[in-house]
Amino acid sequence: MAPTTLVKSPRKLAKVPNLLRYEEGIGPEFFSRAREELDGLPGGRGLNIAHEAVDRHAAGPRAGQLALRCLRKNGKVHEFTYAELALETNRFANALSSLGVGKGDLVGILAGRIPELYVAALGTLKNRSVFSPLFSAFGPEPIHTRLTLGKAKALVTTELLYIRKVAPLRDRLPDLEHVILIGEDGAETNTEGTHDYRRLLADADDAYEIGPTDPGDVALVHFTSGTTGRPKGAVHVHEAIVWHHVTGKLALDLHPDDVFWCTADPGWVTGTSYGIISPLSNGATVIADEAEFDARRWYAILAEQGVSVWYTAPTAIRMLMKAGTELARAHEYPALRFLASVGEPLHPAGVLWGVEAFGLPFHDTWWQTETGGIMIANLAAMDIKPGSMGRPMPGIEAAIVHTREDGGVDLVTEPLEEGDLALRPGWPSMFRAYLGEPERYEKAFAGGWYITGDLARRDEDGYFWFVGRADDVIKSSGHLIGPFEVESVLLEHPAVAHAGVIGKPDPVAGEIVKAFVALKPGFEPSHELEKEILAHARVRLGAVVAPKEIEFTDAVPATRSGKIMRRLLKARELGLPEGDVSTLETAE
Ligand code: AMP
C-alpha cells in the first residue's frame, strides 16, 4: 500500500530537468509536439529511425561527438563518433542491399553487446529492413522459433554463436538466405554458407541515401512471451522514434551531452529502445559494456566513463545492494545525475539505496515490449513515491479497469482498487500487430483500451502501483519467459509425461523458473533424472530460460480442456489457498 514518504527529486541537479511541470505535457496534442523534435528525412521523404538517431547528428554540430563507446570483455574499447557511425552504418546498409535484402525483409541479430551489433541494427533500419534482436543467451530452440516466426531472410551473428546454436538448425530455416558472421576480435571468418561481416563491409560503399520511409513502415519486431502458444512478435514502426526520443528526453531526462548507460541487453526491447535508439536520437554518448554483471566493474564504469544518466533494472540493483554499499562508495561519481530502473517492480528499499550509495534516488519506470517505450514514470522533476511506478507520461492516458466477459471494460474510479492496467491506444511507439496473428492482437484490446496484462492500482495522486501479472508469464532477472515454451521443451525429454512451469519468488531474480514434472510409467524420480532433465532444458533453451528447479509430482493439474493450471501450482508452491478448482482435471 502507498507509503506516505516522498523522495524529493534532488534539485541540486547539474541540469534543469527537461520537463519541469508534469502538467505541461498532458493531452494527445503532445504527440504532434513531440514529432516536431525530429527532422524527418531530407526532402520530406518520411521518418526513419536511423536517420534521426545517427545521420542528422552526423550532418550537424555533433558530427565529431562520441556516439558510442563499446567496452569489450578483453579490455579493448571501440569508439564511434556520430560521423563514423553514420559511415559504418551506411556500409552495413549497402552490404545488406548488395545481398538482395531490402525493405521489409526481417534481419535477425544474435550477438552480445559488441560494436557490430549496434552498427548492424542501425544499418538494417537505414536499409528499411526490419531489425529483430535475439538474445545471445538463448539456446537453439528459442532462436529457431523466433527466426521461423519472423521468416528472417538474414541473420547477423558471431562465428561462435553460429557454430554452437544456429548451424545445427540451418536446414530447418528455409527462409534464411544469408548469414553474416562476425569473427572473434575482428578476425575474418570462413565458415561455409555464410558471409564475413568484415569483408562485406570493407567492400561496401560508405555513402548511402535512406530511401523514402513512411512513419508506418515496419522497423522492429520484438518477440515477447505469452502464457500460451508460441512467442508473439510485437511489430513496431519507424514512427516509434518519436516516442523513443521524447521519453528519453522527459523520463530519463537526457540532455545532448549526457553519457548514458543502459545496462539492458539489446536482445530485449529496453536494450534497443533505450540502449540504442533513444540516447542517440537525443545526441548523447552511449556506453555499452560487453561483460556480464560484476559489481566492481559496474562501479568502475560509472565512475571512469563519467556516466551521467544510468538506466538499469531491479535485479541488478538488488545484486549491487547485496555486494554492499561500501563497494559503491569506493568511487566518486561527480558526473552522475539521474538514475532510473525498469523491467520489474522496484521496491522502496531499492529506490532509497540509490540515495545511500550515490546520493540519488532510482526513478522507477514502467513499460513493456508492446508499448515500445516508457509509459509510466517517476519523472525528474517529480517527487518519487518509493515503490510506485510513477505517473503516466505526458500524452499517455492510463487507467485501472475491470475487463468484462462481453469484451467491454468498467473503469475503476476508487483510489487503490486493484484492476487491469490499461492504456488508451494511439501513442507513436505502440505495437501495430502481433506478427501473423491478427486475432491475438485484437484480443489485447477491450472497450477502446489496450489491456497490458498487468494488475495495478492508482492512488489519489495519480501514481500507479504494480500488483502483479494477470497471466502466468514469468519475470526472471528482468527477462519475460513464457511457461509454454519451457514446458514444450521439457516434454521432449523421454521421461517427461506432463510439465507445468511457474515463477517461484526469489529475493534477487524476482522469480526463478520452476518446473513441476510428472514422469512417464517406468521412470522413477531421482536426483540423476532431475539433473538430466535440467541439462536437457538448458541445452535446448539456454540458461536464462531453462528451469532452475524441478519438482517431481504424481500429476500436473490441468483444466478439462487440457490447459495447465499454473495458478494452482503456484498457490501450492506458496502455500496459499487454491481457489476455484471446479474445472480441474489432473494430467497423470
Ligand atoms: P517486457 O515486455 O519483457 O519488457 O516485460 C514487460 C513486463 O515487465 C510488464 O508488463 C511488467 O509485468 C513488468 N515490468 C516492467 N516494468 C516494471 C516496473 N517498473 N514495475 C513492475 N513491473 C514492471
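Filter the trypsin sites (Lys or Arg not before Pro) in the range 386-448 down to the DSSP loop ones having no more than 12 other Cβ atoms within 10 Å, then list what survives.
Arg404
Quick check: residue separation of Lys103 and Glu29 times 0.36 nm, minus the Cα distance between them. What number comes out in nm?
Computed gain between Lys103 and Glu29 is 23.6 nm.
Contour minus end-to-end for Arg21 and Glu36, with contour as 0.36 nm per residue of separation and end-to-end as the Cα-Cα distance?
3.4 nm
Under a cut-off of 18 Å between alpha-carbon atoms, report the lysines in cross-link reach of Lys475, not counting same-chain residues fewer than 8 places apart.
Straight-line reach from Lys475, under 18 Å: Lys232, Lys504, Lys514, Lys548, Lys570.
Under a point spin-label approximation (7 Å from Cα along Cα-to-Cβ), what is the Leu169-His402 distance to one decimal in nm?
4.3
Explain nothing, just compute: Karplus ³J(HN,Hα) = 6.51 cos²θ - 1.76 cosθ + 1.60, θ = phi - 60°, for every residue of the range 368-373 in order, whole Hz, x for Gly and Pro.
8, 3, 5, 7, x, x
From the phi of every residue in the range 552-565, what ³J(HN,Hα) in whole Hz does the Karplus formula 6.51 cos²θ - 1.76 cosθ + 1.60 yield, where θ is phi - 60° and glycine or proline is x?
Ordered by residue, 3J(HN,Hα) equals 7, 9, 6, 8, 10, x, 9, 6, 4, 7, x, 7, 5, 8 Hz.
If packing is taken as the average count of other Cβ atoms within 10 Å, what order do 50-61, 75-86 fall into, highest mean first?
Averaged packing, sorted descending, gives the order 50-61, 75-86.
With n ≥ 4 as the cut-off for DSSP H runs, can you work out [θ] at 222 nm for the chain, using -39500 (n - 2.57) per run divided by the number of residues, rounded to the nearest 500?
-7000 deg cm²/dmol
Can you list the HN-Hα couplings for the range 146-153, worked out from phi with the Karplus curve (6.51, -1.76, 1.60; θ = phi - 60°), rounded to whole Hz and with x for Gly and Pro?
Those phi angles translate into 6, 5, 6, 4, x, 6, 4, 8 Hz.
In square angstrom, what is the accessible area per residue of the chain with a 1.4 angstrom probe?
39
For Gly419, list long-range residues whose amide hydrogen, built 1.01 Å from N in the peptide plane, is under 5 Å from its own amide hydrogen.
Ala456
Grab the Cα-Cα distance for Leu327 and Arg297, subtract it from 0.36 nm times how many residues apart they are, and report the gain in nm with one decimal.
Roughly 9.7 nm would be gained on extension.
What is the pair-distance distribution P(r) of the range 433-588, computed from all Cα-Cα distances in 10 Å bins starting at 0, with each bin given as a whole percent?
10, 33, 35, 17, 5, 1, 0
Please express the shape of the chain as an equivalent ellipsoid: the semi-axes are the square roots of 5 times the eigenvalues of the C-alpha gyration tensor, given largest first in whole angstrom.
Semi-axes, largest first: 35, 31, 24 Å.
Roll a 1.4 angstrom probe over the protein heavy atoms and tell me the percent of accessible area of the chain that is carbon or sulfur.
Roughly 52 percent, rounded to a whole number.
The values are calculated or read from the model by the stated rules, or taken from the named source; none is laboratory data. Keep in mind the model is a prediction, meaning the values are calculated, not measured. FYI the Cβ positions are ideal-geometry reconstructions off the backbone, even for glycines, and counts take in every protein chain you see. All accessible areas refer to the heavy atoms of the entire protein, side chains included, with ligands and DNA or RNA removed. Shrake-Rupley method; radii C 1.70, N 1.55, O 1.52, S 1.80 Å.
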